[in-house]
Every structure is written in structure tokens, then in C-alpha cells.
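Attaching a single structure in C-alpha cells format; questions to follow.
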Amino acid sequence: MTLFFAILFYFAAAVFVGGLAYKIVDFARTPSPLSIPTTPAPTSAPGVAFRMFREVVFFESLFKGNLWIWAMGAAFHFGLALVLFRHLRYFTEPVPFVVAVSQPFGIYAGFMMAAGLAGLWARRLLVERIRYISTVSDHLMLVLLLVIAATGLGMKFLFHTDVVGVKAFFLGLMSFDIQPLPAHPGLYIHLGAVALLLIVFPYSKLLHAPGIFFSPTRNMADDPRETRHLASWAAQLEKN
Amino acid sequence: MAGPELKAPALREYPTAPALQPDAMAGLKCYVANEKIQEPLGFPGKLADNWQDTHDRVIGRMGELLKKYCSFKVFMDACVHCGACADKCHYFLGSGDPKNMPVARQDLMRSVYRRYFTPTGKMFPSLVGARDLTPEVLDEWYSYYWQCSECRRCSVFCPYGIDTAEITMVGRELLNYAGYGQKYLNEIIGKVHRVGNNLGLPGPALRDTLDGLEEDVKEDTGVDVKYPLDEKGAEVLLITPSADFFAEPHIDSTIGYGKVFHAAGISWTFSSLASEAGNFGMFIGNYDQLRKIALRIREAALDLGVKRIVVGECGHAWRVAYAFWNTLTGVGAGGKDPFAIELQKQLDPRFKQPSHICEVTWDLIQQGRLKFDKSANDHRVITFHDSCNVARASRMGDYPGGQFDIPRNIVRAVANKFHDMAEDTIGEKTFCCGGGGGVLTDELMDIRVKGALPRMEALQRVVDDHGVNFMATICAICKAQFTKVLPYYGFKSGMVGGVHQLVSTAIKLGNEQ
Ligand code: SF4
Ligand code: SF4
């Protein structure tokens with residue numbers, strides 16, 4: 001099992017990093033030939049940075065759009081962010097002070113994350129118009145995340161695993177010195193689901209994470225009268 | 001389909017998302033362009049006899065667009081199906097057809113994108129909602145991409161800024177590439193190339209119309225207000241939608257433009273070469289057409305030697321002028337290449353190029369160069385309808401949101417009675433009139449009437465609460481659409497008019513006692 005998970009994680013990490021890098025480069029290389037920010041929009045680069053900050057941290061547009069989705073989406077994403085931060089302790093030795101301090105909060109965050117996910121799934125199942133637009137993969141993605149959250153919380157509160165061993169395994173992975181992974185079915189499910197998530201990330205709607213930074217309606221400044229935007233393929237047209 | 005038997009949906013007291021009525025609008029199909037219309041624009045005349053050819057053409061073009069437009073690529077990938085946009089489209093609110101939910105409209109395209117351009121869609125199509133491109137899919141595109149007014153309301157609420165208008169433009173571009181164009185728009189685009197404007201009014205007819213206007217104004221006011229055409233050396237070139245030359249109520253705003261320039265003592269002219277501000281190339285998402293149509297403006301400006309370019313009351317035209325002209329034609333500032341510099345050194349850098357007529361009028365008002373008798377508008381209780389393309393795709397003045405304040409400031413400066421409609425139906429959240437983006441054709445009357453529902457509900461409220469009897473707007477399409485659609489909801493069609501119609505009523509031309 002140790003070897004299986006070691007290979008799985010190397011593979012997942014490679015797909016995640018490689019796939020995501022490919023996508024990001026692809027997004028970055030594709031031009032926006034016309035100025036299309038959704039207005040009112042900031043007129044300068046710092047303004048755009050601030051708008052982007054508000055979108056990424058506060059989900060500003062979603063807040064305008066739908067309070068329920070916003071609340072549950074925020075609970076999930078902030079929960080996830082804290083949980084991820086807390087998990088840094090498995091990858092660092094010595095554990096940085098802030099990560100150590102975050103440990104108790106991370107646990108609450110785990111519940112917040114699970115509650116947010118459950119709420120989002122309930123909406124998908126119960127609200128007619130959202131059920132209509134949901135694909136099988138939309139449901140499966142939520143299931144996958146819920147499995148990750150539930151097994152994680154389960155190992156914290158019900159079926160403890162040898163966290164010291166888990167840490168040794170991951171530190172080992174990072175230095176290409178493979179250490180035994182504690183045998184624990186909950187842990188296997190947890191890690192398997194995480195690996196799967198990493199693998200599908202670059203080919204799924206999880207691309208919303210890098211995507212927002214490349215969304216022309218949000219990342220362009222409202223300055224078309226002062227600046228001449230010209231994509232290279234569009235500039236070619238002026239030559240003839 | 002159009003006609004008296006067409007019924008408007010009932011106004012609702014508490015507007016909420018409607019129950020889904022699958023395929024309620026599935027049968028709606030506007031007239032298809034024939035070969036004579038398609039070919040001069042460089043599109044295939046009709047669908048290929050062999051489906052595989054059509055299929056390859058569409059998928060091939062889709063691949064090209066994915067490389068040319070970051071918006072298309074990112075929007076295809078980033079949607080999480082959260083549903084925040086689902087109940088934001090006026091066509092969904094009015095029809096209940098789930099495919100008129102913005103996300104579902106995108107999915108008509110996304111499903112095909114996933115099948116041909118993503119590994120998950122290639123391997124597990126049913127899991128991720130991917131599907132092959134079939135003749136049925138193409139028909140579905142034709143139906144639903146002509147039930148979107150490219151109003152961008154959905155993009156305001158999407159956490160990733162996904163703008164369904166961009167997807168609709170791609171859809172229409174692909175349909176054109178398949179030889180499956182829409183008659184209404186493509187026929188008009190042909191007219192612009194041949195005659196110079198959407199209505200096909202040749203230069204002499206324009207001069208006649210303007211002569212008639214001069215006589216009318218003289219009779220009305222006793223003042224010789226000029227409506228010049230092709231006058232070399234004028235300071236301002238005014239580009240306005242061609243409907244402004246003869247349609248009701250558009251013409252009343254045209255009269256207003258002339259009075260403003262007259263009262264301020266600014267020399268100006270129309271151009272017969274560029275007698276159209278509208279640019280339907282945007283609606284079909286075709287960069288070449290968009291550019292070709294816009295280049296007429298550049299040509300006219302260089303030819304007439306004007307110092308300023310001003311745009312009349314038109315929503316999508318202002319978007320094209322404000323946001324795209326600098327890119328397409330060099331009308332603007334900041335250009336560093338010879339093409340742009342040639343024009344930009346001629347234009348007066350003290351003014352924004354191009355300027356909206358409302359920016360011009362508001363500046364003059366602030367400088368005290370225009371005088372009004374506000375009581376002349378006292379028979380009107382006014383509200384203002386923000387047009388989508390002005391609200392969500394452009395700006396006026398120096399700060400974001402100026403596009404909301406400036407027209408209202410003008411209305412308040414020329415009239416005493418003004419009331420805004422509900423907060424969530426104006427400004428950046430404004431509802432489309434229901435006729436924008438290339439659906440202003442009679443065969444689509446059913447969806448036009450249904451799409452007007454949210455605006456009509458908001459209007460009814462200010463009519464009831466404040467006795468509003470005039471809805472001002474600054475868009476030729478809004479004016480044409482409301483004139484037709486208001487009666488379906490029990491309002492008078494004369495209720496809609498332009499901001500410069502109000503200016504025209506109240507402005508003092510200097511001959512008063
Ligand atoms: S752009 Fe406007 S008409 Fe089109 S889907 Fe979005 S809200 Fe509806
Ligand atoms: S709001 Fe944006 S992410 Fe959510 S369903 Fe609509 S388009 Fe997709």
C-alpha cells in the first residue's frame with residue numbers, strides 16, 4: 001500500500017502541476033482583442049488589482065448575485081483554505097509557528113467546509129433550476145470533496161490514525177525517501193480522494209480557480225479611449 | 001407569430017424565478033439568411049449538403065476562436081454551474097424556458113466544447129455533459145442564440161465574470177461559418193456596406209430629411225437651427241444611429257442634438273458616408289465585419305477634417321464607439337502606430353474621443369452655456385431606463401458609473417419631475433428592453449414581449465407610485481422595441497423617448513424674451 005500511494009501521489013502531483021501550468025500558460029497566451037470589462041470597472045491597473053482581490057477574497061459578484069450560494073460557497077472555500085493551511089504541518093519540520101497556532105481553528109474550519117458543501121449539494125438537489133443545470137460530474141465533485149472532509153474529520157474525532165507516521169510518509173515523499181504509510185482504511189480513502197481531486201483539477205471546472213484571474217470582464221481596466229488595445233492577430237489586419 | 005393574438009405574461013407582484021417550462025421557446029426561429037445576403041459578407045451561402053462538411057467547418061472555426069479570444073476559452077472552462085446567473089436573464093424570467101438561463105445558454109456551447117476540446121469530454125462525455133455536434137445541436141443554437149440580447153446582465157453576478165454575450169457572439173459566428181446566418185442582421189450589414197447605413201438611406205434622401213427638420217424647427221421656434229451634412233471643416237462629426245433620421249420618437253432627439261450645438265455655437269456635421277453609428281458586426285461576433293463597418297467612421301473623419309467625434313443616442317453603438325473604436329479605427333488616444341497617429345493628431349486632445357452626446361451636453365450645462373425652461377417639461381413625469389450596453393459595457397465622464405449619472409443629471413437639469421425605477425432594475429443591474437443584440441425583428445416578437453417583462457414590472461411600479469408617464473432612454477433599439485412592446489402591457493407607445501427629446505423641449509435658443 002505504501003508503494004501504491006507513493007506512486008499515486010507522485011503521479012497526481014505531476015498531473016496537477018503539469019496540467020495546471022499548461023492551462024495557465026494557455027490562458028495567458030490567448031489575447032483579448034477587444035476591451036470588454038464589465039462596467040462600471042476600475043480605470044487603472046491598481047483598481048483592477050483591488051477589484052480582483054475583492055472577487056477572490058470576498059466573492060463580490062456572487063454576493064450581488066445570490067446570498068445563499070455566496071454564504072455556502074464562502075463557508076466551503078474559507079473552511080478549505082484554513083484546513084489546507086492546517087495541513088501544512090504534515091509537510092514541514094519544524095512546523096512554523098503560525099501553522100501551529102492555526103491547529104484548533106483548522107478543526108472548526110473542517111466542519112464549516114463540510115457544512116458549506118452539504119448546503120451546496122442540497123441546493124443542487126432541491127432547487128429546480130440548479131438541478132436542471134447540474135451534470136453528473138457536478139454532483140460527483142461535491143461527493144468527492146465531502147468524502148475528503150468526512151474522512152478527515154472522522155480520523156480526527158472517531159478513528160484516529162498515526163499522524164506521526166503520516167507526516168513521516170509525506171516528508172519522505174518530498175525527499176524521495178519513501179517511509180511506510182500507516183495502515184488505516186479511512187486514511188486510504190482520504191488520500192485516494194485527494195489524489196483524484198489533484199488529477200482532475202486541470203481538466204475540470206476546478207479551473208475556475210486560475211480562470212478568474214484571466215477573465216477579461218474582470219481583469220481589464222476601463223481605459224479604451226486612452227489606450228489602444230491591439231491583439232497581435234488583429235494588428236495583422238491593418239497591414240492590408 | 002407576431003400580432004394581436006400574442007399575449008404578454010402577467011405582471012407579478014413579487015418577482016421571483018419562474019417555474020421551469022422546458023422547451024417553452026424551442027420552436028422560435030428567426031428567418032434564415034439566403035445566399036444573396038450571406039455571400040457578400042464572406043460567409044457560406046447555405047449549409048453544406050453533406051453534414052460532415054458543416055460539422056468540420058464549425059469545429060474548425062471553434063478551435064480558431066479558442067486561440068483568438070481569451071474570453072471564450074476561459075468562460076468555457078471556468079463555469080462551476082453555481083447557478084448565480086440562472087435567474088438573471090430577462091428572457092428566462094419572461095419565458096420560463098430553462099435554456100434561456102444564461103448558464104444553460106452557455107452549456108449549449110460548452111457541451112460541444114467539452115466533447116472536442118477537453119480530455120474529460122473525449123473520454124467520459126455523459127459524465128461531464130458533453131455531446132457531439134449534430135444538426136439538432138445546430139438548430140438548438142440557432143433558436144437560443146437568437147434569444148439572447150447580449151445584454152451582459154448575467155456577467156455582473158457571475159463570480160468569474162462569465163459573460164454569456166461573448167458565448168452568444170461565438171455561437172452566431174459559428175452559425176454564420178456554417179452558412180446558417182440570420183436574415184435580419186446580415187441583410188442590414190449588407191446595406192451598410194452598400195449605402196452607408198442600416199436603413200439604406202442614400203445621401204440625397206438624408207439631405208431631404210434634414211431640410212425637412214430645419215423647416216420644422218424653424219416653424220416651431222422661429223430659429224434657424226442647421227442640420228448640416230458633409231460639411232468639411234466642421235468641428236464636430238456627429239455619428240448617430242440611422243433611425244434617428246426618421247423614426248419616431250428617435251427624430252425628436254436628433255432635433256435636440258442640433259439645438260444643443262446651435263445654442264452652444266459649435267460647428268458640426270453629419271456624414272453621408274458614415275451615416276450609421278450602429279454596428280451590427282458586434283452582434284454577430286465577427287471581428288472583420290465589426291472592423292469594416294467601423295472603418296467608415298475613420299474615413300469620414302479624415303475626409304471631413306473634424307476635430308471631435310460625437311456619438312448620438314444608441315446603446316450598442318456607444319459600446320462599439322467607446323470600447324472598440326480606438327482598437328478598430330484609431331478614434332481615441334494613446335495610439336503609437338502610424339495608423340492610429342494619422343487620425344489622432346487631427347483630433348482635439350482636450351476632448352474625449354469619441355464623446356457621447358450626453359457628455360457633450362452635460363459639459364455645456366456645467367459650463368453654463370445652455371439655458372433651459374424646465375417648466376416646458378412639466379407635463380411629463382419622467383423615469384430613466386439604463387440601456388445595457390451603456391450601463392455594462394461602456395462609460396461616460398471621468399469616473400466609473402458616470403454612465404448612470406450623466407444622463408440623469410441632464411434629465412434633472414431640463415425637467416422638474418423625475419423618479420427612478422427600483423434599485424435592482426437600473427444602473428449596472430438594469431434589465432434589457434428585450435429587443436437588443438439583434439433580435440429586433442418581427443418573427444421574434446414572442447420572446448421580445450416576454451423579455452420585456454421585468455422592465456415592464458418596474459415601470460408599472462413607478463407609474464402607480466409616482467404617475468410616471470415618460471420613460472427616457474438613450475438607445476435607438478430600446479426606443480424601437482418599447483414603442484412596439486409597451487402596448488402589449490397596456491402602456492401607451494408614446495411613453496418612451498430620448499433624453500435629447502427632453503433637452504429639445506426645454507432648451508432656450510437665445511431668441512426668447
Ligand atoms: S447576455 Fe443578457 S440576454 Fe444574454 S443570457 Fe445574459 S442576461 Fe440573458
Ligand atoms: S454564475 Fe458563472 S459560474 Fe455560476 S453558473 Fe453562471 S456562468 Fe457558471
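What follows draws every value from the coordinates through simple rules; no lab data is involved. Just so it is clear, the model here is predicted, and its values are computed rather than measured. For neighbour counting, all protein chains shown are included, and Cβ atoms are generated from backbone atoms with ideal geometry for every residue, glycine included.
For peptide A:55-68, compute the average count of partner chain beta-carbon atoms within 10 Å of each residue's beta-carbon. The partial results should precede the final answer.
Numbers: counts 3, 1, 0, 0, 2, 1, 10, 7, 3, 9, 12, 9, 1, 2.
Counting other chains' Cβ atoms within 10 Å and averaging over A:55-68 gives 4.
Can you tell which of A:Pro37, A:Ile199, B:Gly330 lies farthest toward the positive end of the dipole of the protein assembly as shown, using +1 and -1 charges on the Cβ of basic and acidic side chains (Lys, Arg; Asp, Glu)?
Value computed over the given set: A:Ile199.
Placing +1 at every Lys and Arg Cβ and -1 at every Asp and Glu Cβ, with all other atoms neutral, what dipole size does segment B:382-513 have around its Cα centre, in debye to the nearest 20? If you can, show how the numbers build up before the last one.
On the way: 14 positive and 14 negative charges, 48 e Å.
The calculation lands at about 220 debye.
A further question follows. With a 10 Å Cβ neighbour count serving as the proxy for reagent exposure, in which order, fewest first, do B:Asp97, B:Asp405 appear?
Details: B:Asp97 24, B:Asp405 14.
The fewest-first ordering by Cβ neighbours comes to B:Asp405, B:Asp97.
Taking the Cα centre of chain A as the origin and placing charges on Cβ (Lys, Arg +1; Asp, Glu -1), which of A:Gly73, A:Phe4, A:Pro185 is farthest toward the positive end of the dipole?
With unit charges placed on the Cβ atoms, the residue in question is A:Gly73.
Residue-wise, which Karplus ³J(HN,Hα) couplings in Hz belong to segment A:117-124, taking 6.51 cos²θ - 1.76 cosθ + 1.60, θ = phi - 60°, and x for glycine or proline?
Those phi angles translate into 4, 4, x, 5, 5, 4, 4, 4 Hz.
Also, I was wondering about something else. Expressed in nm², what is the orientationally averaged projection area of the convex hull enclosing the Cα positions of segment B:178-324? Write down the numbers at each step before the final one.
Numbers: hull surface 35.2 nm².
Projected over every direction and averaged, the Cα hull of segment B:178-324 covers 8.8 nm².
Any aspartates and glutamates with Cα under 20 Å of the A:Lys239 Cα? List them, leaving off those in the same chain fewer than 8 positions away.
Excluding near neighbours in sequence, the set is B:Asp288, B:Glu299, B:Asp337, B:Glu342.
Rounded to the nearest 10 degrees, what's the angle between the helix B:250-264 long axis and the longest principal axis of chain B, both from Cα atoms, 0 to 90?
The answer is roughly 40 degrees.
Turning to a different aspect of this structure: Could you pull out every Cys in chain B that lacks a partner Cys with its beta carbon under 4.7 Å away?
For chain B, the answer is B:Cys30, B:Cys70, B:Cys79, B:Cys82, B:Cys89, B:Cys148, B:Cys158, B:Cys314, B:Cys358, because their Cβ atoms have no other cysteine Cβ under 4.7 Å.
Could you give the length gained by full extension between B:Asp348 and B:Asp378, i.e. 0.36 nm per residue of separation minus their alpha carbon distance, to one decimal place?
Details: separation 30, 0.36 × 30 = 10.80 nm, distance 3.80 nm.
Gain on stretching B:Asp348 to B:Asp378: 7.0 nm.
Which ordering of B:Asp303, B:Asp23, B:Asp77 is given by a fewest-first count of other beta-carbon atoms within 10 Å?
Numbers: B:Asp303 14, B:Asp23 11, B:Asp77 27.
Sorted ascending by nearby Cβ count, the order is B:Asp23, B:Asp303, B:Asp77.
So how do B:Val195, B:Val499 line up by other beta-carbon neighbours within 10 Å, fewest first?
Numbers: B:Val195 18, B:Val499 24.
Sorted ascending by nearby Cβ count, the order is B:Val195, B:Val499.
While we're here: Rounded to the nearest 0.05, what FRET efficiency do A:Leu196 and A:Trp233 give with R0 = 60 Å and r taken as the Cβ-Cβ distance? Could you check?
On the way: r = 38 Å, r/R0 = 0.64.
Efficiency at R0 = 60 Å is approximately 0.95.
I'd like the FRET efficiency for A:Lys156 and B:Gln52, computed as 1/(1 + (r/R0)^6) with the beta carbon distance as r and R0 of 60 Å, rounded to 0.05.
Here the calculated transfer efficiency is 0.60.
Now a separate question. Dividing the alpha-carbon Rg of chain A by 2.2 N^0.38 Å yields what?
For chain A, the normalised Cα radius of gyration comes out at 1.21.
How big is the C-alpha Rg of chain B next to the rule-of-thumb value 2.2 N^0.38 Å, as a ratio? Write down the numbers at each step before the final one.
Working: Rg = 22.8 Å, N = 513, 2.2 N^0.38 = 23.6 Å.
With N residues counted in chain B, Rg over 2.2 N^0.38 Å equals 0.97.
Relative to the present Cα-Cα distance, how much length would full extension add between A:Val136 and A:Ala28 at 0.36 nm per residue of separation?
On the way: separation 108, 0.36 × 108 = 38.88 nm, distance 2.98 nm.
Between A:Val136 and A:Ala28, full extension yields an extra 35.9 nm.
Rounded to the nearest 500, what is chain A's calculated 222 nm mean residue ellipticity when only DSSP H runs of at least 4 contribute -39500 (n - 2.57) each, over all residues?
Value at 222 nm, helices only: -22000 deg cm²/dmol.
If you take every DSSP beta bridge fully contained in the protein assembly as shown, what fraction is antiparallel? Give it as a percent rounded to 5. Write down the numbers at each step before the final one.
Working: 2 of 18 bridges.
Restricted to the protein assembly as shown, the bridges split so that about 10 percent are antiparallel.
Still on this model: Give me the number: length gained by fully extending B:Ala8 to B:Phe124, i.e. 0.36 nm times residue separation minus the C-alpha to C-alpha distance, one decimal in nm. Don't jump to the answer; show the numbers that get you there.
Numbers: separation 116, 0.36 × 116 = 41.76 nm, distance 4.28 nm.
Length gained between B:Ala8 and B:Phe124: 37.5 nm.
So, one more: Placing unit charges on C-beta atoms (Lys and Arg positive, Asp and Glu negative, everything else neutral), compute the dipole magnitude of segment B:35-181 about its Cα centre in debye, rounded to 20.
It works out to roughly 400 debye.
For segment B:111-117, in order, what is each residue's ³J(HN,Hα) by Karplus, 6.51 cos²θ - 1.76 cosθ + 1.60 with θ = phi - 60°, in whole Hz (x at glycine and Pro)?
Couplings: 4, 6, 3, 4, 5, 9, 10 Hz.
Using alpha carbon centroids, what distance separates segment A:32-111 and segment B:418-493, in Å?
38
Calculate the dipole size of chain B relative to its Cα centre from +1 charges on Lys and Arg beta carbons and -1 charges on Asp and Glu beta carbons; express the result in debye to the nearest 20. Before the final figure, lay out the partial values.
On the way: 58 positive and 62 negative charges, 217 e Å.
Rounded to the nearest 20 debye, it is 1040 debye.
Evaluate the distance, in nm, between pseudo-label points positioned 7 Å from the Cα of B:Asp442 and of B:Asp224 along their respective Cα→Cβ axes.
A separation of 4.3 nm, rounded to one decimal place.
Nearest 10 degrees is fine. How inclined is helix B:51-68 to the longest principal axis of chain B, computing both from alpha carbons?
60
Still on this model: Counting pairwise Cα distances across segment B:240-332, what percent come out greater than 14 angstrom?
Working: 2819 of 4278 pairs.
Tail of the P(r) past 14 Å holds 66 percent of the pairs.
Sort B:82-92, A:221-231 for me by packing, meaning the mean count of neighbouring Cβ atoms within 10 Å per residue, highest on top. The partial results should precede the final answer.
Values: B:82-92: 26.8, A:221-231: 20.5.
So the order, starting with the most tightly packed, is B:82-92, A:221-231.
Let me ask something additional. Can you pull the Rg over Rh of the protein assembly as shown, Cα-only, Kirkwood? Write down the numbers at each step before the final one.
Numbers: Rg = 28.3 Å, Rh = 27.8 Å.
In the protein assembly as shown, Rg relative to Rh is 1.02.
If R0 is 22 Å, what FRET efficiency do you get for B:Ala205 and B:Ala247 from their C-beta distance, rounded to 0.05?
On the way: r = 14 Å, r/R0 = 0.64.
Efficiency, from the Cβ-Cβ distance: 0.95.
What value does segment B:370-463 have for Rg/Rh, both radii from Cα atoms and Rh as Kirkwood defines it? Kindly include the intermediate steps, with their values, before the conclusion.
Values: Rg = 15.0 Å, Rh = 14.7 Å.
Radius of gyration over Kirkwood radius for segment B:370-463 works out to 1.02.
Let me ask something additional. With no solvent and one equal point scatterer per Cα, compute the Debye intensity ratio I(q)/I(0) for segment B:35-181 at 0.17 Å⁻¹ and report its log10, rounded to two decimals.
Here log10 of I(q) over I(0) equals -0.97.
Among B:Gln353, B:His385, B:Met282, flag the residue with its Cα farthest along the positive direction of the charge dipole of segment B:248-398, charges on Cβ as +1 for Lys/Arg and -1 for Asp/Glu.
Sorting the options by dipole projection puts first B:Gln353.
Another question, if that's okay. Just from its helices, what would the mean residue ellipticity at 222 nm be for chain B, if runs of 4 or more DSSP H residues each count -39500 (n - 2.57) and the sum is divided by every residue, rounded to the nearest 500 deg cm²/dmol?
The per-residue figure over chain B is -14000 deg cm²/dmol.
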